[in-house]
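Note sheet for the following structure.
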Amino acid sequence: PSHRRSQHLQIHRHKTLLPCKEKKRKEKGKEKKKAHEMASLGQIILPGAPSSEIGLLRRRFDRPIKTCIGFNGRIARVLTNAGEQAAVSVKPTVSQKVIEEEAKVLVGTYARAPVVISYGKGCKLFDAEGKEYLDCASGIAVNALGHGDPDWLQAVNEQAAVLAHVSNVYYTIPQIELAKRLVASSFADRVFFCNSGTEANEAAIKFSRKFQRFTHPGDKEAATSFIAFTNSFHGRTLGALALTSKEQYRTPFEPIMPGVTFVEYGNIQAATELISSGKIAAVFVEPIQGEGGIYSATKEFLQSLRSACDASGSLLVFDEVQCGLGRSGKLWAYEAFGVTPDIMTVAKPLAGGLPIGAVLVTEKVAGAISYGDHGSTFAGNPLVCSAAIAVLDKVSKPSFLSSVSSKGRYFKDMLVKKLGGNTHVKEVRGEGLIIGVELDVPANPLVDACRESGLLILTAGKGNVVRIVPPLIISEEEIERAVEIISHNLTVLG
């Protein structure tokens, strides 16, 4: 698709210089002067209609043009450099049409930004009108290699031409090859594939309960409860949702899975006391919380959880759906803490934008799982596994991971330097290229302003944290541009 800016305004010149019909030239002159004082160059004058700037109409006026959304075929008037007027037929843009059509056919589960993305390359995205954006959201930490990586494209195209899907009734080579790589690069002995992070956590819930039943046969009171933590996010299906701490996510769908206790993230005493009760099937924890606000666990906290689980027979589950696969500067975030889990869930960046999830487990957990205990029609299909191999082979290289760490440090240093003097900025934190900027006010106005300026970022936490998760290939020049845009737009915070 073309990413050149489209022309959506048709210009027709009028003989009249101003809308007034006074006969006296002197009065016309006064009216003209008044128009200059009240209207900016290139502004569409359409009384009573909301307007939003869409860019420059470069062929006639080197000035911003404002148009009114939804006024198809209406005539407005543009004030030109010379003070004359031109009639403008306001037509809906491609983006406006798409947004209107979406509202008619999709279930309203997403509060989308008013942008229709049509093309991407590297760390850049382009909307349907050709506006360029620096992507520091990467599909919510998905596009680790950016957009259009040549090795990823080659892997996907070659596999799609041969075989995309056959189901898990049969063996396929890409699935086995990907599993071998995941096992070789981690603590795990075996892998279960699924299609998303939420599905991976659902599988981990089932595996944990089955493990307890398997290791305590005949015990009707085998451990079935779970521990999760404040600010946690593990997914939106009923099991994973029960492990997610935000009440506004859970309340509309209650009753959900019982037996989950939320403990303060980092509270060693509260967590270890509960684990020692012997009723806990598994402890679910994110080594670095993403949705919750970009909070990193301490080594002492995770080591204490490991020790308590070992003593009680509970399983330790690390959710690395967002922080895993190079995002933290380590291939797996747990490596920085010197702690290994029994189960780890991964997903977002694994297939570079195609839907995949994986549950990595030790042999003792895998031994509790039997044929038919779990499954998925699409899981581990050849197409997504080939894409994931291309991603994992590139991201797992030591030089690549080292670059993520160094770019992450540079990004945080630049943010502290440029934003540190602003009274609304409380903290800049994170590891590698999962970064949070905590504010003392809502972050949405800043996120919206940055989007208008050509930068895509996200919110997290209680809506007061700016979440920055760019493609892992981002350059220092792009980092500098991102920080400059954020810094420039801080004024919207008041």
Among residues of segment 329-351, those that are surrounded by fewer than 24 Cβ atoms within 10 Å (Cβ to Cβ), small (G, A, S) and assigned to a helix (DSSP H, G or I), counted
1
Just the residues that are of a type in the set (A, V, I, L, M, F, W, C) and in contact with a strand residue (DSSP E or B) (Cβ under 9 Å, 6 or more places away or on another chain), please, taken from segment 453-473.
L455, L456, I457, L458, A460, V465, V466, I468, V469, I473
Any hit, segment 236-248, residues being β-branched (V, I, T), in contact with a Leu (Cβ under 6 Å, 6 or more places away or on another chain), part of a loop (DSSP other than H, G, I, E, B) and assigned by TED's automatic domain parsing to the domain that holds K330
no
Regarding segment 388-409, can at least one residue be identified that is over 30 Å from I356 (Cα atoms), surrounded by fewer than 17 Cβ atoms within 10 Å (Cβ to Cβ), in contact with a helix residue (DSSP H, G or I) (Cβ under 9 Å, 6 or more places away or on another chain) and of a type in the set (D, E, K, R)?
no
Among residues belonging to segment 94-128 that are among the hydroxyl-bearing types (S, T, Y), in contact with a strand residue (DSSP E or B) (Cβ under 7 Å, 6 or more places away or on another chain) and closer than 20 Å to D448 by Cα, point out the one that is modelled with the lowest pLDDT.
S95
Among residues of segment 279-328, those that are out of contact with any helix residue (DSSP H, G or I) (no Cβ under 6 Å at 6 or more places or on another chain), farther than 22 Å from F207 by Cα and assigned to a strand (DSSP E or B), counted
3
From the options I435, I486, I457, I474, residue that is within 30 Å of A351 (Cβ to Cβ), touching a Phe, Trp or Tyr at 6+ places or on another chain (Cβ under 7 Å) and surrounded by 20 or more Cβ atoms within 10 Å (Cβ to Cβ):
I435
Given the structure, is D219 surrounded by fewer than 24 Cβ atoms within 10 Å (Cβ to Cβ), in contact with a helix residue (DSSP H, G or I) (Cβ under 7 Å, 6 or more places away or on another chain) and not β-branched (V, I, T)?
no
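Does any residue of segment 137-151 turn out to be among the β-branched types (V, I, T), assigned to a loop (DSSP other than H, G, I, E, B), out of contact with any His (no Cβ under 9 Å at 6 or more places or on another chain) and closer than 26 Å to P471 by Cα? Steps first, please.
In the first step, residues of segment 137-151 are kept if they are among the β-branched types (V, I, T); the result is 140, 142.
When the remaining residues are screened for being assigned to a loop (DSSP other than H, G, I, E, B), the result is 142.
Now narrow it down to the ones that are out of contact with any His (no Cβ under 9 Å at 6 or more places or on another chain): 142.
Of the ones still in play, those that are also closer than 26 Å to P471 by Cα are 142.
Yes, some residue in segment 137-151 is among the β-branched types (V, I, T), assigned to a loop (DSSP other than H, G, I, E, B), out of contact with any His (no Cβ under 9 Å at 6 or more places or on another chain) and closer than 26 Å to P471 by Cα.
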Return the only residue of L325, L315, L302 being surrounded by 20 or more Cβ atoms within 10 Å (Cβ to Cβ) and touching an Asp or Glu at 6+ places or on another chain (Cβ under 6 Å).
L315
Out of the residues in segment 187-198 that are surrounded by 24 or more Cβ atoms within 10 Å (Cβ to Cβ) and under 15 Å from N381 (Cα atoms), which is nearest to the chain's Cα centre (by Cα)?
C194
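The values are calculated or read from the model by the stated rules, or taken from the named source; none is laboratory data. All values derive from a computational prediction rather than experimental measurement. Ideal geometry is used to build each Cβ from the backbone, glycine not excepted, and the neighbour counts take in all protein chains shown.
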